[in-house]
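Enquirer: The structure under discussion is supplied below as structure tokens; questions concerning it will follow.
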Amino acid sequence: MNNSKCDLRLLVSPFPEVSDQSVTWGEGKIFKPIDSHKAIVDTKTGKVFSIVSKDYRLIRHEEAIDVVEKAIRKHSDLGDYTTSTAFYNDGGRMCRTYRFPEISVNISPGDAVNLQLHLYNSYDKTWPFIVLLGAFRLVCANGLVIGKKFYSIRRRHVFDLAETAILNNLSSSIRQFRFQGKAWKQMTTILLTKEVYGWVMKTMKLGKNAVDVIQDEARKSVLLSDEGMPISNLWFFYNLLTWYISFHAVSLNHRVEMENRLRIAMRYLRAGKFNSQNNR
């Protein structure tokens, strides 16, 4: 089946018209060029996104998208895909997500996880060029990458994008995704313990208000222990945390930071099942 794009909004999204411009310094009427640096500027608005070294190579959002989508089209086993695109800082940062509904694992009835790819690029130096292949849980469509990464590439803006191999090992990543589905299914059979709950919440560095919000949400579906721990399985607990990050992160950067903490916590969640066998 041929790949297709379903997000037509991208066609009318206002990409900044960026270019490299020289930088000068001085005061009064005396200015001198700075040959070692240049500015990344939106020529339509005059907004300066960043001052970078002369070695910096401008990677436009449109160029990054084109490279990634050419790579995707080379892998027919991915099937169709849908996309969503978000811009921040007046277009200085872009996050574009590709979801592949044909690459899916059913964790339990009505609870499926799809393969997804995140593309990050920026002009304000927040991110380099990043491609991250992870997983997407359909329940609530929270859009969070599940704690296991299957492929990632991270390149500073000092290289020729055309020379970068994108998704070379994608077939292997798909196999890893399906194998990981077995571990996710197992999490539905393992009860959450006090030890695991406490360690994960500490790792997430959640304040009292955040803990209250999480416990209130959990209370809608399950009972809580005297300590406020959801009386449920590891899969429920994990997705409770993804819900909080998706809907309560105060900014995109905060969300990325919280996702990284959750990935670290997930390692303990998976290890915790060995301490939970007696609690089934």
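The values are calculated or read from the model by the stated rules, or taken from the named source; none is laboratory data. This structure is a prediction, so every number in the text was calculated from the model and none was measured. FYI the Cβ positions are ideal-geometry reconstructions off the backbone, even for glycines, and counts take in every protein chain you see.
Enquirer: If you scan the range 241-264, which residues turn out to be surrounded by 15 or more Cβ atoms within 10 Å (Cβ to Cβ) and closer than 15 Å to Q215 by Cα?
Expert: Hits for the range 241-264 are L241, T242, W243, Y244, I245, H248.
Enquirer: Right, H248: modelled with pLDDT of 75 or more and over 21 Å from V222 (Cα atoms) or not?
Expert: Against the criterion (modelled with pLDDT of 75 or more and over 21 Å from V222 (Cα atoms)), H248 does not qualify.
Enquirer: Within the range 199-225, track down each residue that is of a type in the set (V, I, T) and either exposed (fewer than 14 other Cβ atoms within 10 Å of the Cβ) or in a helix (DSSP H, G or I) (or both).
Expert: The initial filter retains those residues of the range 199-225 that are of a type in the set (V, I, T), namely 200, 203, 211, 213-214, 222.
Correct list: V200, T203, V211, V213, I214.
Enquirer: When you scan the range 226-234, do you find a residue that is more than 18 Å from the chain's Cα centre (by Cα), modelled with pLDDT under 90 and not assigned by TED's automatic domain parsing to the domain that holds R96, even just one?
Expert: There is at least one residue in the range 226-234 that is more than 18 Å from the chain's Cα centre (by Cα), modelled with pLDDT under 90 and not assigned by TED's automatic domain parsing to the domain that holds R96.
So that you can scan it fast, the table gives a plain yes or no per residue for (1) aromatic (F, W, Y); (2) modelled with pLDDT under 80; (3) outside the structural domain of F49 (by TED's automatic domain parsing); (4) within 22 Å of the chain's Cα centre (by Cα):
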| position | (1), (2), (3), (4) |
| --- | --- |
| Q116 | no, no, yes, yes |
| F150 | yes, yes, yes, yes |
| A162 | no, yes, yes, no |
| S172 | no, yes, yes, yes |
| R178 | no, no, yes, yes |
| V200 | no, no, yes, yes |
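Enquirer: Please list, ordered by first then second residue, the pairs with beta carbon atoms under 6 Å, 6 or more apart or interchain, first in the range 77-102 and at positive phi, second among the charged types (D, E, K, R) and exposed (fewer than 15 other Cβ atoms within 10 Å of the Cβ).
Expert: Cβ pairs passing all conditions: G79/E102.
Enquirer: Among the residues of the range 226-236, how many are surrounded by 19 or more Cβ atoms within 10 Å (Cβ to Cβ) and under 15 Å from A183 (Cα atoms)? If you could, list the steps in order and put the result at the bottom.
Expert: First pass over the range 226-236, keeping only residues surrounded by 19 or more Cβ atoms within 10 Å (Cβ to Cβ): 229-230, 233-235.
Among the residues that remain, those that are also under 15 Å from A183 (Cα atoms) are: 233-235.
Adding up the residues that qualify gives 3.
Enquirer: Please verify whether P33 is loosely packed, with under 13 Cβ neighbours inside 10 Å, over 25 Å from S173 (Cβ atoms) and assigned by TED's automatic domain parsing to the domain that holds Q180, treating the condition exactly as stated.
Expert: no
Enquirer: Only residues that are touching a residue at least 60 places away in the same chain (Cβ under 8 Å) and surrounded by fewer than 16 Cβ atoms within 10 Å (Cβ to Cβ): list them for the range 51-69, please.
Expert: D55, R57, L58, E63
Enquirer: A further question follows. Do you know which residues across the range 73-100 are over 23 Å from R255 (Cβ atoms) and surrounded by fewer than 19 Cβ atoms within 10 Å (Cβ to Cβ)?
Expert: Going residue by residue through the range 73-100, those that are over 23 Å from R255 (Cβ atoms) are 73-80.
Passing the criteria: R73, K74, H75, S76, D77, G79, D80.
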